[in-house]
Amino acid sequence: MTYNQTDQKQRNYTPLIWVLSIVIVGVIFGTYFLPKSNDGTIFGIDLTVLPLLNAIFNTFTFLFLVAALVAIKKKNIPVHRRFIVAAFTTTFLFCISYLTYHAMAESTSYGGEGILRSIYYFVLLTHIVLAAVIVPLALITLGRGLNMQVEKHRKIARWTMPLWLYVSFTGVLVYFMISPYY
């Protein structure tokens, strides 16, 4: 099956991409200012399971992105699209779980010492900064892909894919490094 740019109506996703990017990053940042649960639960549900769920969603996102990369290297666009949609789905589910946890639970401090402490904070800082950057990048890349703007899509995907892989991988790494301190 071949795709032809002229066969598809071009949509302007730019306003939606920027609104979503600002709202998503703003809401995530805003959760840190909400009052937190005193007992670590919401409606009797233990919130400490949510970081594990976040790590699981990040793992699936990473795996879906790797599969999407393999598919596009084999020039299998339909399979590539399915894996990208799967990666966006698990990322969306991650966002819901992440927001729920950070809106309700107090932040957990890292308790390690020495070089591990430095590594943890380096990974965490780069993860946070690149997670904010990846929101508009991933959405722009998706929009260009949906519009079959192949050259523009490839140019930005060369940046988006490795950054998104890094963010999803380091999300799991951060979980494993801080999980003993929950």
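The values are calculated or read from the model by the stated rules, or taken from the named source; none is laboratory data. Note that the structure is a prediction, hence the values are computed from the model and not measured. Here the Cβ positions follow ideal geometry from the backbone for every residue, glycine too, while neighbour counts run over all protein chains shown.
A few notes on this one:
- Filter result (among the hydrophobic types (A, V, I, L, M, F, W, C) and part of a helix (DSSP H, G or I)) within the stretch 89-109: PHE92, LEU93, PHE94, CYS95, ILE96, LEU99, ALA103, MET104
- ALA157 being more than 10 Å from the chain's Cα centre (by Cα) and either more than 14 Å from PHE62 (Cβ to Cβ) or outside any helix (DSSP H, G or I) (or both): yes
- Per this entry, THR126 is not counted among residues that are under 11 Å from the mean Cα position of the chain (by Cα), part of a helix (DSSP H, G or I) and more than 21 Å from LYS9 (Cα to Cα).
- Any hit, the stretch 110-120, residues being touching a helix residue (DSSP H, G or I) at 6+ places or on another chain (Cβ under 9 Å), among the small types (Gly, Ala, Ser) and either part of a helix (DSSP H, G or I) or farther than 23 Å from LYS155 by Cα (or both): yes
- Some residue of the stretch 67-74 being in a loop (DSSP other than H, G, I, E, B) and under 24 Å from ASP46 (Cα atoms): no
- All conditions in (1) modelled with pLDDT under 95; (2) closer than 29 Å to LYS73 by Cβ; (3) more than 17 Å from the chain's Cα centre (by Cα); (4) assigned to a helix (DSSP H, G or I) hold for MET148, with the sole exception of (4).
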